[in-house]
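Colleague: Dumping the structure here so I can ask a few things about it.
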Amino acid sequence: MAKIVFDGITKRYPDGYEAVKDMNLEIEDGEFMILVGPSGCGKSTALRMVAGLEDISDGELRIGDEVVNQRAPRDRDIAMVFQNYALYPHMSVRDNMGFGLKLAKVDKAEIDKRVEEAAKVLDLTEHLDRKPANLSGGQRQRVAMGRAIVRDPAAYLMDEPLSNLDAKLRVQMRTEVSRIQQRTDTTTIYVTHDQTEAMTLGDRVAVMRAGVLQQVGTPMELYNRPKNLFVAGFIGSPAMNFMPATVDGGTVKLPMVDVDLPDELREAVGSAGEGGRSLIAGIRPEAFEDAGVLGDEALARGATFKATVDVVESMGSEIYAYFDVVADSKIESDELRELAEDSGAGEVPGAGQEGTIVARLSAESQVREGQEADIFVDASHIQLFDPDDGRSLTAEAATAPDAREDRRPAEAPRADEPKSPVPDEEPGAPPTN
């Protein structure tokens, strides 16, 4: 195990394009660090620089106490798990898992011992003599992870290892990856485009955009206190709703209702909202609730407005309700445009002049499609952003969004479950067909 340090790391290609820009990040010994961001943000390039598969243009990369900028991949004591498994189809599972050790000329008895131990951890014991073609996708991915585990390296590097699996298997394998990392307690860098994986797997998450680190923190820090519009919109599913807003004294004027801000948010905004200046309000879906399931004390913590619900999606333990709002102006933001492009959507929730808002309601809600409903919004969970640079004006004052149970009347039934935001071989090893 070892600490990994990015000290001013930059990757610049011959044409001048910078894929990673002045990256500073410390990954502690035994930590599970997630690099997440949209396609082309530089996360895989950063991982490949750690692996030695990409040259470093500027800065120092340290693994343990050693600068490894000029070290060959095989001399860095790391093990990489590839997106396409990179298994040798003509070898058995046993031989695939032990191949890196064989190259390192480790004694055969020691190789067999390590492979057997890893197979037990990965539930692969009965498959050791099978070929990769006879395994399921999840089993192949476990073989690829087993090949890394037997090396007992200083660090694991995982490049979107679950992206080729179907949705159900990805959920299962997320649990497996987390369990294995906890057992081995090995420093791990995990690259993913999937923010759900980032929220559920990592000790800390580093969000990247256009080669630049946007924010580093625990999953809940990023969820509750995003530093800018990009992080706020990228982290969370369903995504945060955005809409134009202005602040008048202690009141934030939203397209659907005026809301009195709590003292801590009012102080955080300060002079930034004076003079009726346009801001961007961000409200996570769970900050809304059907007013009919709340008591008077809870309703006093925010504001209630009427909305015609267009679509209702029942998830069993909760309900997603969609309704439209019409604003006086349209949000102009490069960050939100990039998020919309990355998601393949025309726009992020609520970001247009006529936007659709997503509300995450309690299962006991009686809202119906096509009917008008009284919707409550919690004032303490409104976040405000500067439209010029995208920075959050309320990040430090933001409170956790899991306060729903405090807003429920004593007689209201509880939902069934709480809501939550939620190289070991030479490069170019042949993938399994």
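Colleague: I'd like the residue in region 39-92 that is aliphatic (A, V, I, L, M) and assigned to a helix (DSSP H, G or I) and, out of all such residues, is nearest to Lys3 (Cα to Cα).
Modeller: For region 39-92, the residue satisfying everything is Val50.
Colleague: Among the residues of region 120-130, are any assigned to a helix (DSSP H, G or I), touching an Asp or Glu at 6+ places or on another chain (Cβ under 9 Å) and crowded, with 23+ Cβ neighbours inside 10 Å?
Modeller: Checking region 120-130: not a single residue is assigned to a helix (DSSP H, G or I), touching an Asp or Glu at 6+ places or on another chain (Cβ under 9 Å) and crowded, with 23+ Cβ neighbours inside 10 Å.
Colleague: Say we look at region 197-218 and pick out the residues that are buried (at least 21 other Cβ atoms within 10 Å of the Cβ) and among the aliphatic types (A, V, I, L, M); which of these is farthest from Val177 (Cα to Cα)?
Modeller: Per the criteria, the residue is Leu213.
Colleague: Do you know which of the residues in region 26-38 that are in contact with a His (Cβ under 9 Å, 6 or more places away or on another chain) and part of a loop (DSSP other than H, G, I, E, B) is modelled with the highest pLDDT?
Modeller: Across region 26-38, the extreme among qualifying residues is Gly37.
Colleague: Within region 179-208, count every residue that is part of a loop (DSSP other than H, G, I, E, B), of a type in the set (D, E, K, R) and at negative phi.
Modeller: Summing the residues that are part of a loop (DSSP other than H, G, I, E, B), of a type in the set (D, E, K, R) and at negative phi in region 179-208 gives 2.
Colleague: Can you list residue pairs whose Cβ atoms sit under 6 Å apart, with the first residue in region 1-27 being closer than 18 Å to Gly37 by Cα and the second being surrounded by fewer than 17 Cβ atoms within 10 Å (Cβ to Cβ) and hydrophobic (A, V, I, L, M, F, W, C)? Count only pairs 6 or more apart in sequence or on different chains.
Modeller: Lys21/Val212
Colleague: Inside region 21-49, can you point out the residues that are over 21 Å from the mean Cα position of the chain (by Cα) and under 22 Å from Gln83 (Cβ atoms)?
Modeller: Met49
Colleague: With the requirement that a residue be surrounded by fewer than 17 Cβ atoms within 10 Å (Cβ to Cβ) and not in a strand (DSSP E or B), what does region 300-309 give you?
Modeller: Result: Ala300, single match.
Colleague: Considering only residues that are over 25 Å from Arg142 (Cβ atoms) and in contact with an Asp or Glu (Cβ under 9 Å, 6 or more places away or on another chain), which ones fall in region 53-83?
Modeller: Ser57, Asp58, Gly59, Glu60, Leu61, Arg62, Ile63, Gly64, Val67, Val68, Asn69
Colleague: I'm trying to understand the selection: among the residues of region 1-39, which are closer than 20 Å to Val231 by Cα and basic (Lys, Arg)?
Modeller: Lys21 - this is the single residue of region 1-39 that is closer than 20 Å to Val231 by Cα and basic (Lys, Arg).
Colleague: Within region 281-306, which residues are farther than 18 Å from Gly250 by Cβ and among the charged types (D, E, K, R)?
Modeller: The answer is Arg284, Glu286, Glu289, Asp290, Asp296, Glu297, Lys306.
Colleague: Considering Val212, Val216, which residue is farther than 19 Å from Asp29 by Cα, at pLDDT 95 or above and of a type in the set (Val, Ile, Thr)?
Modeller: Matching residue, one of Val212, Val216: Val212.
Colleague: So, in region 310-333, exactly how many residues are at pLDDT 80 or above and either under 22 Å from Lys227 (Cα atoms) or assigned to a strand (DSSP E or B) (or both)?
Modeller: The total comes to 14.
Colleague: Further, regarding this structure: From Val171, Val177, grab the single residue that is surrounded by fewer than 19 Cβ atoms within 10 Å (Cβ to Cβ), closer than 21 Å to Phe32 by Cα and at pLDDT below 90.
Modeller: Every option except Val171 fails the conditions.
Colleague: Does region 227-241 hold any residues that are within 10 Å of Gly390 (Cβ to Cβ) and either within 13 Å of the chain's Cα centre (by Cα) or crowded, with 24+ Cβ neighbours inside 10 Å (or both), and which are they?
Modeller: If the condition is that a residue be within 10 Å of Gly390 (Cβ to Cβ) and either within 13 Å of the chain's Cα centre (by Cα) or crowded, with 24+ Cβ neighbours inside 10 Å (or both), then Leu229, Phe230, Val231, Ala232, Gly233 are the ones that fit.
Colleague: Something else: Which of the helices (runs of 4 or more DSSP H) found entirely inside region 209-274 contain at least 2 residues meeting this: acidic (Asp, Glu)?
Modeller: The qualifying helices (runs of 4 or more DSSP H) are 263-269.
Colleague: Name every residue in region 1-22 that is in contact with a helix residue (DSSP H, G or I) (Cβ under 7 Å, 6 or more places away or on another chain) and under 10 Å from Asp58 (Cβ atoms), in order of residue number.
Modeller: Within region 1-22, Ile9, Lys11, Val20 qualify.
Colleague: Within region 1-25, work out how many residues are assigned to a strand (DSSP E or B), of a type in the set (A, V, I, L, M, F, W, C) and within 16 Å of Gly64 (Cα to Cα).
Modeller: 4
Colleague: Let me confirm something: among Leu124, Leu135, Leu61, which residue is under 30 Å from Tyr17 (Cα atoms) and in contact with a helix residue (DSSP H, G or I) (Cβ under 9 Å, 6 or more places away or on another chain)?
Modeller: Result: Leu61 is the single residue among Leu124, Leu135, Leu61 that is under 30 Å from Tyr17 (Cα atoms) and in contact with a helix residue (DSSP H, G or I) (Cβ under 9 Å, 6 or more places away or on another chain).
Colleague: Follow-up question, since we're still on this one. Please state which one of Ala148, Ala198, Ala206 is among the aliphatic types (A, V, I, L, M) and over 16 Å from the mean Cα position of the chain (by Cα).
Modeller: Sole residue among the options that is among the aliphatic types (A, V, I, L, M) and over 16 Å from the mean Cα position of the chain (by Cα): Ala148.
Colleague: Within region 357-368, can you find the residues that are of a type in the set (D, E, K, R) and either within 18 Å of Met256 (Cβ to Cβ) or surrounded by fewer than 12 Cβ atoms within 10 Å (Cβ to Cβ) (or both)?
Modeller: Across region 357-368, the qualifying residues are Arg360, Arg368.
The values are calculated or read from the model by the stated rules, or taken from the named source; none is laboratory data. For clarity, every value in this text was computed on a predicted model and none was experimentally measured. Quick reminder, even Gly has a Cβ in these numbers, built from the backbone with ideal geometry, and neighbours come from all protein chains shown.
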